[in-house]
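Quick note: the coordinates plus some simple rules give every number you see, no bench work behind them. The structure displayed is predicted, hence computed values, not measured ones. Methodologically, a virtual Cβ is constructed for each residue, glycine included, from the backbone with ideal geometry; neighbour enumeration extends over all protein chains shown.
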Amino acid sequence: MKSLFALTSILALGMGLPAQVSTTGRTKTVIGNTAMVGKTSSYRFIKANTPFSHFARVTAAVRGASMGTAATIGSIRGRTSIRVSESARASTFSSSVKAEARTSKGSDITKEPHVFAFRLTSKTAVKGKLRVSIGGKGTQSAVASFVVKVGSTVISWKNGMPPVTKEMAVTVGPGGLMISSTSMAKASVSKRGFASISAGASILFEAGAPDTRCKLTPYGRSCATLAGKVKDTPAGSLLELVTTRGLPRALGFTIAGSRKLNLRIPGTRCFLLTDIQLVIGLFHTDSHGAGKHVLLVPRNYKGSFNIQDILIQFGRTTNVSSTNGITVTCK
């Protein structure tokens, strides 16, 4: 083990910010929608190569027909959600009037699929899981299709198929993860009747537990429990530690050393599990004997050391407790 006599410069109390994933969208084609009943029509569109950060929506509607397209981006607590939807509806009460709603590139209602492109980026690499779900439902005389492409992976669906779901492991980094969706929808009736369809693609990215530079290995037993997890940050590896089953409303501190011990603490059934080369930080337990604290191992540190929490409860008598030990190994 690397000597810890200089641990004051090696370990510090700290807070780190997890890597943030940002997502942007862009229309790759004209997002055009047409609705028509007899000689009455409506055409609405979004220009190609239009960027957006939250949503892009367009709807064409006349009495008896409507066509809508929407793309939305949301992010919360490490989860990025992308949703693209197409919906078409057409109806007529006349056997001589045609009604139609469809994706298009102009008021002549020439068929044109809609293509959106999305880019996920992060300053540092973030590993996670990407889930793509595509599905929809509609009536006869209505059609829709979706194709989602993630890198070289293609997921496709069209009406008549059951919903499609695919999960994959991905990494989002500075270079970006590119995702595209291609979709179309159409509802048409040429005599008295009704047709409609609604379809959508849901794309969800959830950051997973990435490989970390430092590993935590619990050892030994004592009166309380110490556990934790590691998050790598630009400043170093952040150890997020949680003490449970400890003395309630007690003062806690962390000791660090290089040699494992197994010495009973006098007057208790608890054990000292490491030599004491440094005392790091202070925290308090709640009424249930639980406490949270963080330590930062600078990014230039390589080696291993042991940590253990010591708890002191003050009152008419002073009680002392300790947790199991954890070996921290950083490469």
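What net charge is computed for the residues neighbouring S237, neighbours being all others with C-beta under 9 Å from the C-beta of S237, Lys and Arg scored +1, Asp and Glu -1? Could the numbers behind the result be given before it?
Numbers: positive: R213, K231, R299; negative: D232.
Its environment carries a net charge of +2.
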### Task
Only Cα pairs under 8 Å and at least 6 apart count here; give the relative contact order of the chain as a rounded whole percent.
18
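Could you tell me whether the stretch 130-213 comes out rounded, prolate or oblate from its Cα gyration tensor? Rule is a ≥ b ≥ c as square roots of the eigenvalues, rounded for a/c under 1.5, then prolate if a/b exceeds b/c, otherwise oblate. Walk me through the numbers before you get to the answer.
Numbers: a/c = 4.03, a/b = 3.08, b/c = 1.31.
Here the stretch 130-213 falls in the prolate category.
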### Mean separation of Cα contacts under 8 Å (6+ apart) over length of the stretch 211-330, as relative contact order %
36
### Task
Could you pull out every residue, at least 5 positions away or on a different chain, whose amide H is within less than 5 Å of the one on Y219? Hs are placed 1.01 Å off N in the peptide plane, and Pro or chain starts have none.
G325, I326, T327
## Note on the structure
Total charge of the residues flanking S53 in space, meaning their Cβ is under 15 Å from its Cβ, with Lys and Arg +1 and Asp and Glu -1, is +4
### Task
Could you go through the stretch 245-257 in sequence order and give the Karplus-derived ³J(HN,Hα) for each residue, using 6.51 cos²θ - 1.76 cosθ + 1.60 with θ = phi - 60°, rounded to whole Hz, and x for Gly and Pro?
6, x, 5, x, 6, 10, 8, x, 8, 9, 10, 10, x
### Task
Compute the signed sum of charges (Lys and Arg +1, Asp and Glu -1) over the other residues within less than 12 Å, Cβ to Cβ, of V294.
+2
### Task
Give me the distance in nm between label points sitting 7 Å out from Cα along the Cα-to-Cβ direction at T318 and V242, one decimal.
3.1
### Query
Only one of the listed values, [x] 161; [y] 147; [z] 137, was derived from the coordinates as volume of the Cα convex hull per residue in Å³; which label is it?
[x]
### Query
Non-local amide H neighbours of G176 (under 5 Å, H modeled in plane, Pro and chain starts lacking H): which ones?
S122
### Task
Based on the mean of other Cβ atoms within 10 Å per residue, sort peptides 149-162, 61-74 so the most packed one is first.
61-74, 149-162
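Based on the mean of other Cβ atoms within 10 Å per residue, sort peptides 220-229, 195-204 so the most packed one is first. Could the numbers behind the result be given before it?
On the way: 220-229: 18.9, 195-204: 21.2.
Result, highest mean Cβ count within 10 Å first: 195-204, 220-229.
Students often check this: by mean Cβ neighbours within 10 Å, which of 298-306, 257-265, 33-41 ranks highest, and how do the rest follow? Provide the component values of the computation, followed by the final result.
Values: 298-306: 16.3, 257-265: 14.3, 33-41: 19.9.
In descending order of packing, they fall as 33-41, 298-306, 257-265.
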